[in-house]
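The values are calculated or read from the model by the stated rules, or taken from the named source; none is laboratory data. On a predicted model such as this, the values are computed, not experimentally measured, just so you know. Because the Cβ atoms are built from the backbone with ideal geometry, glycine has one as well, and the counts that use them run over all protein chains shown. For accessibility, only protein heavy atoms count, side chains too; no ligands or nucleic acids. Shrake-Rupley method; radii C 1.70, N 1.55, O 1.52, S 1.80 Å.
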Amino acid sequence: MSRIGRMPIAIPAGVTVTVNGSEVSVKGPKVELKRTVHPNMTVTVEGSEIHVTRPNDEKQNRALHGLTRSLIHNMVVGVTEGFKKELDVNGVGYRVQKTGKDLVMNLGYSHQVVMPEIDGITIECPNANKIIVSGPDKQKVGQFAAEIREKRPPEPYKGKGIKYSDEVIRRKEGKTGSKKK
């Protein structure tokens, strides 16, 4: 039995969960998230807990069991607390700022890189070298943060670029001069 899939998901106060066939909808104080789960998985709400069960021990069903439970748990956490990713911008002249609903980045290119805010995601720039991406959907937050990082990934020699705050860049030593005879 899946250790993760077996665990019940506690429903906090102020959150309502409805299951309609294979569609699960979680409504919190601010936002509502919906997700269609695999038809093999059975999702039931018993009191203040959500249980995910599988029909048999086939390989696909075992894999889907823990995945489905994790996805529903992330929905419950998302509508109550939300998710956030922090990115750091390192480099001389590299700056970011929020202009209206757009994120404007100076990343050493001949032009500014502009990324519009998508719905369900909020962008904050507390200073010129930090970006905070937050929202209720874990997948959307992670994807948007990855797209921002992709505009100028960190390089291993000087560490310039956009990196996650908790990411460690493995640094390389530069070239050494060749010996002349």
Exercise. Once label points are set 7 Å from the Cα along Cα→Cβ at both E117 and T44, what is their separation, rounded to one decimal in nm?
Worked result: 4.3
Problem set entry | Highest-MSF residue in the chain out of K84, K158, K98 [GNM, Cα springs under 10 Å] | K158
Seminar exercise, completed: Loop-resident GluC sites (Glu not before Pro) in region 42-109 with no more than 14 other Cβ atoms inside 10 Å, DSSP not H/G/I/E/B, are E58, E81
Exercise. In degrees between 0 and 90, to the nearest 10, how far off the longest principal axis of the chain does helix 138-150 point, with axes built from Cα atoms?
Worked result: 10
Exercise. Short version: ³J(HN,Hα) in whole Hz for each residue of region 115-124, in order, from phi by Karplus 6.51 cos²θ - 1.76 cosθ + 1.60 (θ = phi - 60°), x for Gly and Pro, what are they?
Worked result: 10, x, 6, 8, 5, x, 10, 10, 10, 10
For this session: Pick out which of K151, K138, K130 has the largest mean-square fluctuation in a Gaussian network model of the chain, springs linking Cα atoms closer than 10 Å.
Result: K151
Exercise. What does the charge count near R62 come to, summing +1 for each Lys or Arg and -1 for each Asp or Glu among other residues with Cβ under 13 Å from its Cβ?
Worked result: +3
Exercise. Residue-wise, which Karplus ³J(HN,Hα) couplings in Hz belong to region 56-68, taking 6.51 cos²θ - 1.76 cosθ + 1.60, θ = phi - 60°, and x for glycine or proline?
Worked result: 7, 9, 5, 4, 5, 5, 5, 5, 6, 4, x, 4, 4
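Per residue, how much space in cubic angstrom lies within the convex hull of the C-alpha atoms of the chain? Mind showing how you got there, number by number?
Working: hull volume 32.1 nm³, N = 181.
Hull volume normalised by residue count: 177 Å³.
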For this session: Check each of the chymotrypsin sites (Phe, Trp or Tyr not before Pro) in region 68-110 and keep only those in coil by DSSP with at most 14 other C-beta atoms within 10 angstrom; list them in order.
Result: Y109
For this session: Starting from the Kirkwood radius over alpha-carbon pairs of region 73-168, derive D by Stokes-Einstein at 20 °C in a medium of 1.002 mPa s and give it in µm² s⁻¹.
Result: 157
Exercise. What does the accessible area per residue of region 27-181 come to in Å², with a 1.4 Å probe and no ligands, DNA or RNA counted?
Worked result: 64
Exercise. When the accessible area of region 42-92 is split by element with a 1.4 Å probe, what percent falls to carbon and sulfur?
Worked result: 48
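Summarise the accessible area of region 107-181 (1.4 Å probe, protein heavy atoms) by the percent that is carbon and sulfur.
Values: 2570 of 5310 Å².
With neighbouring chains kept in place, the figure for region 107-181 is 49 percent.
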Exercise. Too long at a 32 Å Cα-Cα cut-off: which of K30/K101; K59/K130; K27/K98?
Worked result: K59/K130
Seminar exercise, completed: Calc'd 3J(HN,Hα), region 38-43, phi into Karplus 6.51 cos²θ - 1.76 cosθ + 1.60 (θ = phi - 60°), Hz, glycine/Pro = x, comes to 4, x, 6, 7, 10, 10
